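In what follows, a single structure is set out as structure tokens and then discussed.
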Amino acid sequence: MNKKPVSKQKVVGRFAPSPSGRMHLGNVYTALAAWLCAKSAGGKFLLRIEDLDPVRCPRANADQIISDLEWLGITWDNSDIPYQSERTSIYESFFQKLRDLQLVYPCFCSRAQLHVADAPHASDGRVVYAGTCRRLTPEEVQEKSRTRQPAARLILPDEDITFCDGQYGLQQFNLSHDWGDIIIRRSDGVFAYQLAVTADDGLMGVTQVVRGSDLLSSSAPQIYLFRILGFQVPEYLHLPMLITEDGVRLAKRDKAADMGFLRQQLTGPEPLIGYIAWLLGQIRKPEPLKATDLLPLFDQKKIPGHDLVVPGDYWEYLRKR
Ligand code: GLU
């Protein structure tokens, strides 16, 4: 019997930075890992700029990220880079769809009201919204609208979302207990990350999401939204975080991790790429390499399963190369 060849779906990966500042070691690590996962599988790699907040994300920062990626040799396959700041009408249509499904309600709570001492918290410290404004009557909504512009929240049901993460294995989150109703549009009209990221990953045909493990639990509301909005759910791989020797997350303020500083000091990207490849468990000791040198070597299974310490003197290694 003739068997039809099984058509294997082509991997479509992405890097979706928020240009709230210059890239740092952590962003480069995420970008390189996501690029390697997609490209070593013969897939496509897309770039998207997540500049939803126009105040925090000026265009100059995005230009800088693009220049830094070019310098690093991390390439992308989309000639038109989507900027979230230019896609408001797209998010509006998805927002409308959710409204038509009666899944959205206005929320008038102030920051202070949300952070009261007895507010329920998720395990990572995030406040889980108690649903206060979900119970408002139409008259109360009308009354409150006179003095305050509301945010919009998405109703998240008491439902478990289960998925298998490429790095952390089986994951399960309960939408109402771990998240509570999430804001999908802020009171100033700016659409929120969870809605925009889902709409964009869906529309761009993304099949593989590789990003930091700080976003692991965000996959749950995103999977829920993918399903409601009629998109295929991508596969996920969350990366261990980069931490300092004190066990805290590597931050923008660590000067030696800043791309501006690194590009001033290094003549080329190879020592940095090699260092990250070593962090990612791909080579035994850090040695200068080009991003493309890593493609034939890359093995996702070698990525360590724990957070990765970047020693304070890591810069010494780079400088010597
Ligand atoms: N824009 C987000 C960030 O820079 C990443 C979003 C994502 O990868 O889903 O942290």
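A few remarks follow.
- Helices (runs of 4 or more DSSP H) completely within the stretch 5-113 that count 1 or more residues being acidic (Asp, Glu) and within 16 Å of the ligand (Cβ to nearest atom): 59-72
- Failed criterion for residue 214 (all others in (1) within 13 Å of the chain's Cα centre (by Cα); (2) crowded, with 18+ Cβ neighbours inside 10 Å hold): (2)
- Number of residues in the stretch 195-215 that are outside any helix (DSSP H, G or I), small (Gly, Ala, Ser) and more than 10 Å from the ligand (Cβ to nearest atom): the value is 1.
- For the stretch 216-245, filtering for residues that are in a helix (DSSP H, G or I) and more than 10 Å from the ligand (Cβ to nearest atom) leaves 9.
Quick grid of which residues meet (1) under 16 Å from the mean Cα position of the chain (by Cα); (2) under 30 Å from residue 157 (Cβ atoms); (3) at pLDDT 95 or above:
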site: 44; (1), (2), (3): no, no, yes
site: 49; (1), (2), (3): yes, no, yes
site: 56; (1), (2), (3): no, no, no
site: 63; (1), (2), (3): no, no, yes
site: 76; (1), (2), (3): no, no, yes
site: 90; (1), (2), (3): no, yes, yes
site: 98; (1), (2), (3): no, yes, yes
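- Failed criterion for residue 219 (all others in (1) surrounded by 22 or more Cβ atoms within 10 Å (Cβ to Cβ); (2) under 19 Å from residue 33 (Cα atoms) hold): (1)
- Filter pass, residue 172 being within 18 Å of residue 207 (Cα to Cα) and either out of contact with any His (no Cβ under 7 Å at 6 or more places or on another chain) or at pLDDT 95 or above (or both): no
- Single residue of 295, 279, 272 found to be surrounded by fewer than 15 Cβ atoms within 10 Å (Cβ to Cβ), at pLDDT 95 or above and under 22 Å from residue 68 (Cα atoms): 295
- The residues in the stretch 45-74 that are touching a strand residue (DSSP E or B) at 6+ places or on another chain (Cβ under 9 Å) and either among the hydrophobic types (A, V, I, L, M, F, W, C) or within 16 Å of residue 296 (Cα to Cα) (or both) can be counted, and the count is 11.
- Within the stretch 108-131, the set of residues being surrounded by 14 or more Cβ atoms within 10 Å (Cβ to Cβ) and farther than 21 Å from residue 218 by Cα comprises 108, 109.
- Within the stretch 213-252, being of a type in the set (Gly, Ala, Ser) and on the phi < 0 side of the Ramachandran plot holds for 213, 217, 218, 219, 220, 251.
- Taken over the stretch 253-263, residues that are surrounded by 16 or more Cβ atoms within 10 Å (Cβ to Cβ) and either part of a loop (DSSP other than H, G, I, E, B) or of a type outside the set (A, V, I, L, M) (or both) amount to 3.
- In the stretch 141-178, residue surrounded by the fewest Cβ atoms within 10 Å (Cβ to Cβ) [restricted to those that are small (Gly, Ala, Ser) and not in a helix (DSSP H, G or I)]: 169
- Evaluating residue 61 against the criteria (1) under 27 Å from residue 144 (Cα atoms); (2) of a type in the set (S, T, N, Q); (3) surrounded by 17 or more Cβ atoms within 10 Å (Cβ to Cβ) leaves one unmet condition, (1).
- Check on residue 285, basic (Lys, Arg), surrounded by fewer than 17 Cβ atoms within 10 Å (Cβ to Cβ) and touching a residue at least 12 places away in the same chain (Cβ under 8 Å): no
This table checks each residue for (1) small (Gly, Ala, Ser); (2) without any contact (Cβ under 8 Å) to a residue 40 or more places away in the chain; (3) under 16 Å from residue 17 (Cα atoms).
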position: 53; (1), (2), (3): no, no, yes
position: 58; (1), (2), (3): no, yes, yes
position: 87; (1), (2), (3): no, no, yes
position: 93; (1), (2), (3): yes, yes, no
position: 107; (1), (2), (3): no, no, no
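- Condition met for residue 190 (touching a Pro at 6+ places or on another chain (Cβ under 9 Å) and farther than 22 Å from residue 35 by Cβ): yes
- Residue within the stretch 190-204 that is crowded, with 20+ Cβ neighbours inside 10 Å and in contact with a His (Cβ under 7 Å, 6 or more places away or on another chain) present: no
The values are calculated or read from the model by the stated rules, or taken from the named source; none is laboratory data. Only a predicted model underlies this, so the values are computations on that prediction, with no experimental measurement involved. Note: ideal-geometry Cβ built from the backbone for every residue, glycine included; neighbour counts use all protein chains shown.
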